[in-house]
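Since the structure comes first, as structure tokens, the remarks are kept for the end.
No lab work stands behind these numbers, since they all come straight from the coordinates. Note that this is a predicted model, so its numbers are computed, not measured. Heads up, the Cβs are rebuilt from the backbone with ideal geometry, glycines too, and the neighbour counts pull from every protein chain shown.
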Amino acid sequence: MATRWVTEARLRLAPELIGAELASPGRRLAAFAIDAAILFVPSVVAAAAVAWLVLALRDPAALAALTDLLMQRTTTADAARAAVRDLVPLLVEHDMPGVPPETAVAYAEDDLDRALDALGDRDIVITIQGGGSSPRNLADDVVLLELGRLMPPGVRLAAMYGLGALYFTLLTARRGGCHAR
């Protein structure tokens, strides 16, 4: 590999910037907020889309049940119970926080009705978390369905951080690395 030397070529200021006034703290904060919004919304949308795709490929019944629950298509108690019953394998296999041990045992014994009964009247809260460690203060009547746990780790990383990396790479690639004037 050839030896590289630090040169001043990229360290020089553009002549038109010398003596220019710096942006005010408020303007820099506004620019940061715009960058955050540009990154946050598409990252969440990309992560949700990847989770939806993974779920569509791995467990279409759970995806249909989840869609019915989210779109409030389950108008009767029996329909809601059937939708949650279809979610039991997803909750147990991905070790979602808040699933009672009795539900996992009943599922392992292929008794979905008993697993559903063990789940009880718990609320299922859907989050887009990364799927890391379980929350510390989870209420007893809550089960978290973390969409991040449905994705393989590399895909999860790309969905959540890839857009940010791409955004800042493309934004600073033009004009020799200058972000903005």
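Structure notes:
- Shown for region 55-145 is the translational diffusion coefficient from the Stokes-Einstein equation, using the Kirkwood radius over Cα pairs, a temperature of 20 °C and a viscosity of 1.002 mPa s: 160 µm²/s.
- J(HN,Hα) series, region 17-24, from Karplus relation 6.51 cos²θ - 1.76 cosθ + 1.60, nearest Hz, glycine and proline x: 8, 5, x, 6, 6, 6, 5, 5
- Cα convex hull of the chain - mean projected area over all directions, nm²: 17.2
- Residue with peak Gaussian network fluctuation, the chain [Cα springs, cutoff 10 Å], from 76, 67, 103: 76
- Membrane-span-like helices in the chain, defined purely by DSSP H runs whose alpha carbon atoms cover 30 Å or more axially and whose average Kyte-Doolittle hydropathy reaches 0.5, are 25-58.
- Annotation: amide H of residue 146 within the under-5 Å range of 127, sequence separation 5 or more or interchain, hydrogens built in the peptide plane.
- Taking the helices alone, the chain has a mean residue ellipticity at 222 nm of -18000 deg cm²/dmol, built from -39,500 (n - 2.57) per DSSP H run of at least 4 residues and averaged over all its residues.
- Between residue 24 and residue 169, the distance separating the two model label sites (each 7 Å from Cα on the Cα→Cβ line) works out to 3.7 nm.
- When only Cα pairs below 8 angstrom with a gap of at least 6 residues are kept, the chain shows a relative contact order of 21 percent.
- Rounded to the nearest 20 debye, the dipole magnitude of region 39-158 is 620 debye, with +1 charges on Lys and Arg beta carbons, -1 on Asp and Glu beta carbons, and the Cα centre as origin.
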